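The values are calculated or read from the model by the stated rules, or taken from the named source; none is laboratory data. Since the model is a prediction, treat every value here as computed from it, not as a measurement. Please note: Cβ atoms are built from the backbone with ideal geometry, for glycine as well, and neighbour counts cover all protein chains shown.
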C-alpha cells in the first residue's frame with residue numbers, strides 16, 4: 001500500500017463500525033479521500049457510494065477500490081423506473097405551457113405553482129401530495145385556493161406517471177420518487193453518501209430504508225446550496241449517529257481559513273474553526289491578467305464579465321460548457337421585449353405574452369436566474385444579440401479543467417462559472433463577482449431587521465473556498481470587513497505565518513505537508529498526516545509517538561484481516577453464509593484486542609493477552 005500518512009481525524013473515521021456515521025467536513029478537508037480510506041479499511045464489505053451528479057460519480061469510480069460501486073441517486077432508480085419513460089419519449093422537464101394546455105384558462109403563474117407543488121412532493125419523503133407541498137409552492141400567495149392547487153397537482157402527477165400520456169413530461173425527480181415509493185432494498189452492506197448536506201428528503205428516505213446496512217453520511221452543512229431543489233441538511237438530522245469532524249483544509253492557507261471561519265461564525269452559525277493546511281499562503285488579491293477563475297452568483301453576472309473579457313481578446317471558457325449558462329434565454333427575453341416573437345425559440349419564454357408579464361412572473365415566483373436574465377436584457381437593450389454572438393463565438397470549449405492546454409493557461413485563461421457549477425472544483429486564483437449577498441442586517445416592513453439567508457451565506461462561503469492562493473473579494477465582503485473592523489483577517493494572510501492549532505488546549509504549530517491531500521487526487525496506502533512540529537515537553541511527544549506507532553500497527557493488522565476475508569470470499573462464494581459466521585466474531589475479537597492494546601500502551605503497559 002505504500003507509505004501514505006493520514007490525519008488523526010481521518011483515522012478515527014476509518015476505524016468506526018457504528019451503524020450510522022456522520023462526518024462534518026470543511027471545504028478542502030479531503031472528505032472524499034476520507035471515504036476512500038474508509039472503503040480501503042473495510043475491503044470485505046460491499047459498499048455503495050452515492051454521488052450528487054454524474055461527474056462526481058465518474059471521478060469516484062476511478063479512485064475507489066473494487067469493493068465500492070459508485071452511482072448517482074438517480075442512476076440507482078433509472079434501471080427500474082426511469083428507462084420506461086425514456087422508451088416512451090416523455091422523460092424530461094415539464095413546462096408551464098404543458099400544464100396550461102392540460103388545464104385551459106390557467107395562467108402561467110398558476111401553472112408554475114402547480115408544477116412547484118408536484119416538484120415539492122417528488123423531493124419529499126411523503127407517500128402522496130399533501131397540503132405542505134402546496135403551501136411551499138404558494139409561498140404566501142392567498143389568491144390561489146390551496147384545495148384547487150392540490151387537486152390540480154394530483155391530477156398532473158397521475159398524468160406524469162402514465163407512460164402513454166405524452167402531453168406532459170416525467171422529470172428525473174419523478175422516477176426517483178417512484179423508486180422511493182417502491183421501498184427498494186439495496187444489496188450492499190455499507191452505504192456512503194457524499195455531499196449529504198445537499199441530499200433531498202426522498203434520497204435520505206431511500207437510504208434510511210436500508211436498515212440492514214451501515215450508513216456513512218459525509219458533507220459540509222455550510223456548503224448546502226441546493227435548497228431550491230428541495231435539499232435539506234441531512235447532517236443535523238440524526239440524533240443517534242456517531243459524529244466526526246474534518247477541520248484541516250488541504251486546499252488553502254490559514255488566511256482564507258480565518259476569513260471563512262469569521263464569515264461562518266458571524267452569519268452561518270458555525271461553532272468550530274477551519275484550519276488552513278494548504279501549500280500556499282493566502283493573498284487577498286489576484287492579477288487579472290493571469291489565469292484565474294471568475295465566479296458569480298447568477299448567469300447574468302457571468303454574462304456581463306464575459307462580454308468584457310470577449311472584447312479584450314483573451315482566452316476564456318465556461319465550466320460545464322457554455323450551453324448551461326442560458327445565454328440563448330437572454331436572447332429570447334430580448335426578443336420578447338422587442339416584440340420579435342417569431343424569433344423566440346424557447347417554448348417557455350414564448351408562453352409569456354409580454355415582457356412585462358415575464359418580469360412580473362420572475363418577481364412573484366422569486367426566480368433568481370430569470371431575474372438575472374431580465375436584468376441583463378434591461379441593461380444592454382438592443383446590444384444583446386451582437387453581444388451573445390460575440391461571447392459564444394470566442395469562447396474556448398474544454399472538458400475537464402485539468403485537460404486545458406498549457407498554452408491557454410500561460411496565455412491568461414479565464415474560467416467562468418456560477419458557484420453551483422464550481423462546487424467541488426478549485427483554482428489557484430479566484431475573483432468573485434459583485435452579485436453575492438450583502439453581509440448586513442436589512443430593515444423589514446414587519447418585525448426586526450433580518451440578515452442574509454443561511455443559503456446565500458453558504459453560497460458565498462463555497463465561492464470563497466474555491467481558491468488555493470489568491471482571492472479577490474467582492475465589494476460586499478470588503479464592506480463587511482471594513483464596517484466590523486476585521487480587515488486584519490485579510491492583512492495577516494499576506495504574511496507567511498505558520499498557523500496555530502489548539503490540541504488538548506496546548507498550542508502547537510502546524511507545518512504544511514508539501515504533498516498535501518485534495519479531493520481531486522487518488523489516495524492510496526495506509527496512513528498520512530500533516531507534519532506536526534511540537535512545542536510541548538519531550539516526554540509528551542514521545543508518548544504520543546508511541547501511541548501513533550500502535551495505531552499504525554493496529555490499522556495495518558485490521559486491513560490485513562479484511563483482505564484475508566476478501567480473498568476467502570472470492571474463492572468460497574458458495575459458503576458466504578458460513579464464512580460470515582466465522583469472520584464476524586474474528587473481527588469483533590480483533591477490534592477488542594486492538595482497543596485494549598492502545599489503552600494499555602498509553603498507560604505504559606507492554607503486554608496484551
**Asked** Among the listed residues 447, 424, which satisfies the condition of being out of contact with any strand residue (DSSP E or B) (no Cβ under 8 Å at 6 or more places or on another chain), assigned by TED's automatic domain parsing to the domain that holds residue 392 and either surrounded by fewer than 17 Cβ atoms within 10 Å (Cβ to Cβ) or at pLDDT 95 or above (or both)?
**Response** 447
**Asked** Which residues, counting only those in the stretch 32-65, are surrounded by fewer than 19 Cβ atoms within 10 Å (Cβ to Cβ) and within 17 Å of residue 14 (Cα to Cα)?
**Response** 46, 65
**Prompt:** Inside the stretch 141-195, can you point out the residues that are more than 25 Å from residue 90 (Cβ to Cβ) and either outside any loop (DSSP other than H, G, I, E, B) or over 32 Å from the mean Cα position of the chain (by Cα) (or both)?
**Reply:** 142, 143, 144, 145, 146, 147, 148, 190, 191, 192, 193
**Request:** Return the only residue of 440, 455, 475 being in contact (Cβ under 8 Å) with a residue 60 or more places away in the chain, surrounded by fewer than 19 Cβ atoms within 10 Å (Cβ to Cβ) and out of contact with any strand residue (DSSP E or B) (no Cβ under 7 Å at 6 or more places or on another chain).
**Result:** 455
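Please pick out the residue among 196, 137 that is outside the structural domain of residue 68 (by TED's automatic domain parsing) and in contact with a helix residue (DSSP H, G or I) (Cβ under 7 Å, 6 or more places away or on another chain).
Values: 196 fails: outside the structural domain of residue 68 (by TED's automatic domain parsing).
None of the others qualify; the one that does is 137.
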**Request:** Considering each residue of the stretch 234-269, count those that are touching a strand residue (DSSP E or B) at 6+ places or on another chain (Cβ under 8 Å) and under 21 Å from residue 19 (Cβ atoms), and give that number.
**Result:** 10
**Item:** Qualifying positions in the stretch 66-91 - part of a loop (DSSP other than H, G, I, E, B) and surrounded by fewer than 20 Cβ atoms within 10 Å (Cβ to Cβ)
**Value:** 66, 67, 89
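Can you name the residue in the stretch 288-341 that is closer than 18 Å to residue 431 by Cα and without any contact (Cβ under 8 Å) to a residue 24 or more places away in the chain and, of all such residues, is surrounded by the fewest Cβ atoms within 10 Å (Cβ to Cβ)? Even if it seems obvious, please write down each step before you answer.
Taking the stretch 288-341 and keeping what is closer than 18 Å to residue 431 by Cα, we get 288-310, 312, 314-319.
Right, trim to without any contact (Cβ under 8 Å) to a residue 24 or more places away in the chain and you get 308, 312.
On the way: 308: 10, 312: 12.
Only one residue tops the list, namely 308.
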**Asked** Within the stretch 120-134, which residues are part of a helix (DSSP H, G or I) and out of contact with any helix residue (DSSP H, G or I) (no Cβ under 7 Å at 6 or more places or on another chain)?
**Response** 132
**Item:** Options 357, 383; residue that is assigned to a helix (DSSP H, G or I) and in contact (Cβ under 8 Å) with a residue 40 or more places away in the chain
**Value:** 357
**Request:** Starting from the stretch 205-216, keep only residues that are closer than 18 Å to residue 15 by Cβ and in the same structural domain as residue 44 (by TED's automatic domain parsing), then list their pairs with residues that are modelled with pLDDT of 95 or more and in a loop (DSSP other than H, G, I, E, B) whose Cβ atoms are within a distance under 6 Å, requiring at least 6 positions of separation or different chains.
**Result:** 214/19
